[in-house]
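Everything on this sheet refers to the single structure shown next.
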Amino acid sequence: MKTTKKIDPSKRAERVSWMLVTPLACVLGFFLLLPILTIVTVSFWNFNEWSFFPDFILDNYAYHLTSAVTWATYLKTLKFMVLTWCFCAVIGFTVAYFLAFHVRSLPVQIALFLVCTIPFWTSNIIRMISWIPFLGRNGIANSSLIGLGVIDEPLEWLLYSDFAVVLAFVHLYALFMVVPIFNTMMRIDKSLIEAARDAGASGLQILTNVIIPLAKPGIMIGSIFVVTLVMGDFITVRHMSGGQSASVGRIISNEIALLQYPAAAASSVVLLCTVLLMIGVMMRFVDIRKEL
Amino acid sequence: MEPRSRSFYVLAGFFALFVIFLYGPVITIGILSFQGPRGGLTFPMNGVSVHWFHDLFEQQAVGDIWGSFRRSFALGLMVMSVTVVLSVMGGMAFRRKFRGSSVLFYLIIASLIVPSILVSLGVGLIFNILDLEVHWATSGFGSQLTWTLPFGLLIMFAVFNRFDKSYEEAARDLGASPWQTVRHVVLPIIAPMLIGVALFGFTLSYDEFARTLLTAGSYNTLPLEIFGMTTNVTSPVLYALGTLTTVFSFFIIGTFLTIVVVMRKRQARSSSDAGSGLV
């Protein structure tokens, strides 16, 4: 019979889809999934001063989780994360709100949006370095404050401090809030706002009862970015704190520098679980597939 | 049009401050990189010169930045091409559900949210265990793809969600084969967005640091080289390098955006004559 020989079109379509995603799946399999599985495996291995070797020990975890330094560092990293998130959320929401609802022509909207996104395509390290002349002891901030007579002596806590770390984080990652919030806001039907106004809502009521609830998915996606980027960071903290502040990422990078790979792997697994837990909670509020 | 409300001016002021916050520091080091030969890392300017740019061309002053620039540029092009091709293929596959599609989708999202240092460490460990040598063009290349691919794919998902299927149906009705439909209908329509994906692919690779850190091997990429300099170079030569690479980034961004604008204009011109010959 002829019909049995013919491939079912839906099966054929599925085969085409699989062929199309095979290279992608290979790349992510080998450079994402396999590395994570390797880290999990190696976290149970043993090591000495010059090498690491297969074993099954829990010492790496025991040491990491019982160390007071670890807990203090997690607390510190969470502090950075919460502060950065607050500033990014407020700035990101305000900027996106201005672009989406107060700028009236589309070309201007696109142009201003691009102005906000261009720094994202330049080097993070350069953007970090560029704070030095601003915040340093004899930097612009201090000299202008002294010039204005606000302070008599230069502020020491501007550069190489927790303040500098949070400032750099906000500077680097605010865009990750602006973009998704702007994206969801652009899809809010303007007639909803007019309806609210006709029904007698004040500007503040429109903001809290219409715009914020509808922009929530964008806020969530932005938050996911900011949380994961701050939790996994190790260079911004090292660079902007002048090596004085710790973060979870820095623990890992220090262990790597000391070639204590199994210890670094165990710390990484704990960090990954922490991040995934946070993301899991946030994902409950948003369906990413719907937001594209 | 109704007049601007007071909140408009407040918000516009806030936006302006945000832009200054974004660009101010970079402009500052741009100015400071023209410090005189005896100038320091902060104001005041001790004369104006191109001394520090000149220093960049002397090997012993700054190490192998030109070599690292060449590597970063080549790597950027490699990552860009693969990101574009795989994102288009992935975007097309994800237009319909297939078995395993949601697993793969979550893997793509995971690629974005797994801390970069883990990718670096994991890939480094694999190469170490397999006794392979890490190199920027193999392990570094793959690690960077885990960062650029999710961006490319998310853009493509968004593009195909808004794609009007009737164009393809029309092509099919006219007797086009599936490949002809893709080649002559789908790709030209999404071409401007592909330039966007390419821009992401190149710039994210060119500036990538954390994922390349343990996977680049003995030959550094430019961001790694710059990071090495931040710890031991304390002269404005660092600013000169920062200014040059930022200018280069702006140049790349400008080029890509110009291509998009030109393509859009061309599309608008060639699509508007539909039906005009009938009257």
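Values in this text are rule-based calculations from the coordinates and carry no lab data. Bear in mind the structure is a predicted one, so any value in this text is a computation, not a measurement. Reconstructed Cβ throughout: ideal geometry from the backbone, glycine too, with neighbour counts over all protein chains shown.
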³J(HN,Hα), Karplus 6.51/-1.76/1.60, whole Hz, each residue of the stretch A:200-210, x for Gly, Pro: x, 6, 7, x, 5, 5, 4, 4, 7, 9, 10
Label-point gap, in nm, between B:ASP164 and B:THR255 - each point 7 angstrom along Cα→Cβ: 3.3
A:PHE163-A:LEU258 pseudo-label distance in nm [points 7 Å out on the Cα-to-Cβ vector]: 3.2
Residue-averaged beta-carbon neighbours from other chains (10 angstrom radius) around A:164-176: 1
Part-to-part distance (alpha-carbon centres) for the stretch A:99-154 and the stretch B:146-187, which is given in Å: 39
Pairwise label distance in nanometres, A:VAL150 with A:VAL82, each label 7 Å out on the Cα-Cβ vector: 2.6
The stretch A:1-109: trypsin sites (Lys or Arg not before Pro) falling in loop per DSSP and having at most 14 other Cβ within 10 Å: A:LYS6, A:ARG104
Lysine pair number, Cα distance threshold 29 Å (strictly under), the stretch A:68-291, separation 8 or more or different chains: 5
Protection proxy ranking, peptides A:186-193, B:12-19, A:30-37, average beta carbon neighbours within 10 Å, highest first: A:30-37, B:12-19, A:186-193
Hydrodynamic radius (Kirkwood) for the protein assembly as shown, which is based on Cα pairs only, to one decimal in Å: 25.9
Length-normalised contact order of chain B in % [C-alpha pairs under 8 Å, at least 6 apart]: 29
B:SER101-A:ARG12 FRET efficiency (beta carbon distance; Förster radius 22 Å; 0.05 resolution): 0.85
In Hz, Karplus ³J(HN,Hα) per residue of the stretch A:90-96 (6.51, -1.76, 1.60; θ = phi - 60°; x = Gly, Pro): 5, 5, x, 5, 4, 5, 5
Reachable aspartates and glutamates from B:LYS97, criterion Cα separation under 13 angstrom, eight or more residues apart if same chain: A:GLU14
Cut-off of 10 Å, at most 14 other beta carbons, DSSP loop: longest stretch of chain A lacking such GluC sites (Glu not before Pro): A:157-292
Derived scalar couplings ³J(HN,Hα) [the stretch B:5-20; Karplus, 6.51 cos²θ - 1.76 cosθ + 1.60; whole Hz; x for Gly, Pro]: 7, 5, 4, 4, 5, 4, 5, 5, x, 4, 4, 4, 4, 4, 5, 4
Number of partner chain Cβ atoms within 10 Å, mean per residue of A:237-244: 1
Size of electric dipole in the stretch A:68-291: Cβ of Lys, Arg +1 and of Asp, Glu -1, about Cα centre, debye, nearest 20: 400
Sequence ranges B:197-205, B:162-170, B:39-47, A:146-154, ranked by mean other-Cβ count within 10 angstrom, highest first: B:197-205, B:39-47, B:162-170, A:146-154
Residues with amide H under 5 Å from that of A:ASN46, placed H, sequence gap 5 or more: A:PHE53, A:ASP55
Cleavage-rule hits (chymotrypsin sites (Phe, Trp or Tyr not before Pro)) in the stretch A:43-126: DSSP loop, at most 13 neighbouring Cβ within 10 angstrom: A:TRP50, A:PHE56
